[in-house]
There are 2 protein chains.
Amino acid sequence: MTDRDPSPPTIEDIRTAARRIEPYVHRTPVLTCTRIDEVAGAEIHLKCENLQKVGAFKARGATNAVFSLDDRLAASGVVTHSSGNHAQALAWAAQRRGIPAHIVMPTNAPTVKRNAVIDYGGIVHDCEPTLEQRLATCERVAAETGGAIVPPYDDDRIIAGQGTIALEVLGQVPGLDAIVVPVGGGGMIAGITICVKAIAPEIKVVGAEPELVDDAARSRRSGRIESHRGDPTATIADGLRTTLGERTFPTIRDQVDDIVTVPERGIRDGLRMVMERAKLVIEPSAAVGIAALGTEDFRRHGFQRIGVVLCGGNLDLDALPSLL
Amino acid sequence: MTDRDPSPPTIEDIRTAARRIEPYVHRTPVLTCTRIDEVAGAEIHLKCENLQKVGAFKARGATNAVFSLDDRLAASGVVTHSSGNHAQALAWAAQRRGIPAHIVMPTNAPTVKRNAVIDYGGIVHDCEPTLEQRLATCERVAAETGGAIVPPYDDDRIIAGQGTIALEVLGQVPGLDAIVVPVGGGGMIAGITICVKAIAPEIKVVGAEPELVDDAARSRRSGRIESHRGDPTATIADGLRTTLGERTFPTIRDQVDDIVTVPERGIRDGLRMVMERAKLVIEPSAAVGIAALGTEDFRRHGFQRIGVVLCGGNLDLDALPSLL
């Protein structure tokens, strides 16, 4: 972090976000499962963001961003480029406020994801499937519509919104030793870490990411934002294929306690265990947190009472056999 | 009902059961899902017995039966014949009390069900796959071990145990117009009906069963317990393939308000909707209650605030593609 960097969001930003989004999002339940406790050798508390609006924690950040715009700016709507949960979440949040959501999607995005955005009233703008074209189209749509760009994670409003997960967990489960958080772009773990370190700094925050996209672990070691070494689509955890951002990295580097990486086999086994035993539908990204519990790197900490964020439940049921 | 029939269980039996089983079973959550409300055109409250111990409401009745035995009788254990959720539930409940559970299973029962019983400490006794052999083996094992037979549904202790679902729902969701309950042998709907009619008789209790095993609807019309017209394994709702019992039928005949039947397509669509939108893993039998919401027979009642019991979550994930 250089002197030019403004400070990360604060616990006050997270408290403000919590008040702002409270009328719209769920205070998701925390559930337990005897079998998962047995396998993990610890007491596991599942924070069920798969039961969140639009099926993922992304509803929190998107709602915070949409409702933090002043009325004049909001009237022109919001703009983002995403083909994942953030796209649906932003369309949904904009619909709650009654403003347009312009979602730039690559032409090769799955029809089911495109339709989900349209279902929530979003306006889809096609672009060629390159990052360059996505960014360029996003800028163009923002210029043409006057809409406010809301990035999927590298944004303080998003980070503060995702941090509200931790505010809830700390109230729901006293005395945690650690919270395990899947890491993609880092918005969720940055927000959760800011909250935990402000309120209960004795609780460790541990990131979890697939071995095949271990950019967060490598970024912490090198001290700078690392890109992927291989093809990020090699992991089934499609929500975690992004790299860290300028706004999320400083908190991850300086305040997160550990990041563990998990093999694909562990993600598949975690997906099966949560669905078969906890009876919850989760997406593969959420199984990464469960998989972390079984790794040596995690178990050496000896945590006894652990929160795990089940970050989302947007699973393609028809693709499930290929994920187990 | 003839004069020889003793009275059905009472609300006091259900209250006693609730106190007895409270240390062991979950007070399951009630969840909502905007999409299900939209499709149903009403406010739907999902009583999540899929999140119950052993993944089904059967844990309630089994626990009530096991813990209502006096110490001397209990020492010899319990006996049942079942290859379904009752088998697992009884094994689990007996393990809680530290007594043996003898489970008579047909030799053609799926290995996964057999292993689940063994996982819970149950002792499996093989028998030929005919009802006659199952009953005979059950009697023989009971005679040899001195164990107490605990039937899957046609038993007052079981009915009272399942009735505790309603005690909870009435406290969790005030002002319901109706509760929808899948019907197999009728233990659950009998218990729920006894509770509802004692505490809040203005709430309607509606049974739901597959068209392909519509024995409960026909039994109400004819006034006697009807058997199946076709092959009960034709429905995917494997938990509802039984017919009513002598102890469950009188309440179903005299106090249940309606029973609606649902097509297989509706069960499949309900299974998909609950998994995709409510993010809950349910078994096909639980989807029968969701399917009922879409039938003309149900909608003509015009209920606005409806509880639906998601009775179980023991789904074979590997078989899921064939169920959608």
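The values are calculated or read from the model by the stated rules, or taken from the named source; none is laboratory data. Everything numeric in this text was worked out from a predicted model, so none of it was measured. Virtual Cβ from ideal backbone geometry, glycine too; neighbours counted across all protein chains shown.
Check whether at least one residue in region B:65-74 is in contact (Cβ under 8 Å) with a residue 60 or more places away in the chain, within 30 Å of B:E276 (Cβ to Cβ) and not polar (S, T, N, Q), and report yes or no.
Checked against the condition, which is being in contact (Cβ under 8 Å) with a residue 60 or more places away in the chain, within 30 Å of B:E276 (Cβ to Cβ) and not polar (S, T, N, Q), region B:65-74 yields no hits at all.
Does B:A109 meet the test of being closer than 17 Å to B:A65 by Cα and either within 21 Å of the chain's Cα centre (by Cα) or buried (at least 19 other Cβ atoms within 10 Å of the Cβ) (or both)?
Working: closer than 17 Å to B:A65 by Cα: no; either within 21 Å of the chain's Cα centre (by Cα) or buried (at least 19 other Cβ atoms within 10 Å of the Cβ) (or both): yes.
It is false that B:A109 is closer than 17 Å to B:A65 by Cα and either within 21 Å of the chain's Cα centre (by Cα) or buried (at least 19 other Cβ atoms within 10 Å of the Cβ) (or both).
Check every one of the helices (runs of 4 or more DSSP H) wholly within region B:207-324 and list those with 2 or more residues that are of a type in the set (A, V, I, L, M).
Values: elements: B:215-222, B:249-254, B:264-273, B:284-292, B:296-299.
Once the helices (runs of 4 or more DSSP H) in region B:207-324 are filtered for at least 2 residues that are of a type in the set (A, V, I, L, M), what remains is B:215-222, B:264-273, B:284-292.
Please enumerate the residues belonging to region A:144-184 that are β-branched (V, I, T) and closer than 25 Å to A:R220 by Cβ.
Passing the criteria: A:I158, A:I159, A:T164, A:I165, A:V169, A:I179, A:V180, A:V181, A:V183.
Condition check ((1) within 14 Å of another protein chain (Cβ to nearest Cβ); (2) farther than 12 Å from B:A286 by Cα; (3) surrounded by fewer than 22 Cβ atoms within 10 Å (Cβ to Cβ)) across all residues:
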| position | (1), (2), (3) |
| --- | --- |
| B:D231 | no, yes, yes |
| B:A234 | no, yes, yes |
| B:D238 | no, no, yes |
| B:R241 | no, yes, yes |
| B:G245 | no, yes, yes |
| B:I259 | no, yes, no |
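So for region B:18-29 (the condition being crowded, with 21+ Cβ neighbours inside 10 Å and within 14 Å of another protein chain (Cβ to nearest Cβ)), does at least one residue qualify?
Within region B:18-29, one or more residues are crowded, with 21+ Cβ neighbours inside 10 Å and within 14 Å of another protein chain (Cβ to nearest Cβ).
Considering only residues that are touching a Lys or Arg at 6+ places or on another chain (Cβ under 8 Å) and on the phi > 0 side of the Ramachandran plot, look in region A:31-76 and name the one that is farthest from the other protein chains (Cβ to nearest Cβ).
Taking the candidates together, the pick is A:G41.
If only one of A:L324, A:L310 is at pLDDT below 95, touching a helix residue (DSSP H, G or I) at 6+ places or on another chain (Cβ under 6 Å) and within 14 Å of chain B (Cβ to nearest Cβ), which one is it?
Exactly one of A:L324, A:L310 is at pLDDT below 95, touching a helix residue (DSSP H, G or I) at 6+ places or on another chain (Cβ under 6 Å) and within 14 Å of chain B (Cβ to nearest Cβ), namely A:L324.
From A:G171, A:G175, A:G161, A:G191, grab the single residue that is assigned to a helix (DSSP H, G or I), over 18 Å from the mean Cα position of the chain (by Cα) and modelled with pLDDT of 95 or more.
Being assigned to a helix (DSSP H, G or I), over 18 Å from the mean Cα position of the chain (by Cα) and modelled with pLDDT of 95 or more holds for just one of A:G171, A:G175, A:G161, A:G191, which is A:G171.
Which is surrounded by fewer than 23 Cβ atoms within 10 Å (Cβ to Cβ) and touching a residue at least 24 places away in the same chain (Cβ under 8 Å), of A:V173, A:V196?
From the options A:V173, A:V196, the qualifying one is A:V173.
Go through (1) farther than 14 Å from B:V54 by Cα; (2) surrounded by fewer than 20 Cβ atoms within 10 Å (Cβ to Cβ); (3) of a type outside the set (S, T, Y); (4) at pLDDT 95 or above one by one and return the number of the condition B:V104 breaks.
Unmet condition: (2).
Considering only residues that are assigned to a loop (DSSP other than H, G, I, E, B) and either assigned by TED's automatic domain parsing to the domain that holds A:T233 or without any contact (Cβ under 8 Å) to a residue 60 or more places away in the chain (or both), look in region A:112-137 and name the one that is surrounded by the fewest Cβ atoms within 10 Å (Cβ to Cβ).
Restricting attention to region A:112-137, the residues satisfying the condition of being assigned to a loop (DSSP other than H, G, I, E, B) are A:120-122, A:128-130.
Next, only the ones that are either assigned by TED's automatic domain parsing to the domain that holds A:T233 or without any contact (Cβ under 8 Å) to a residue 60 or more places away in the chain (or both) stay: A:121-122, A:128-130.
Numbers: A:G121: 15, A:G122: 25, A:E128: 12, A:P129: 13, A:T130: 10.
It comes out as A:T130.
Please go through region B:83-98 and pick out each residue that is under 18 Å from B:E139 (Cβ atoms) and more than 13 Å from the chain's Cα centre (by Cα). Talk me through it step by step, then tell me what you get.
We begin by selecting, within region B:83-98, every residue under 18 Å from B:E139 (Cβ atoms); these are B:83, B:86-87, B:90.
The answer is B:S83, B:L90.
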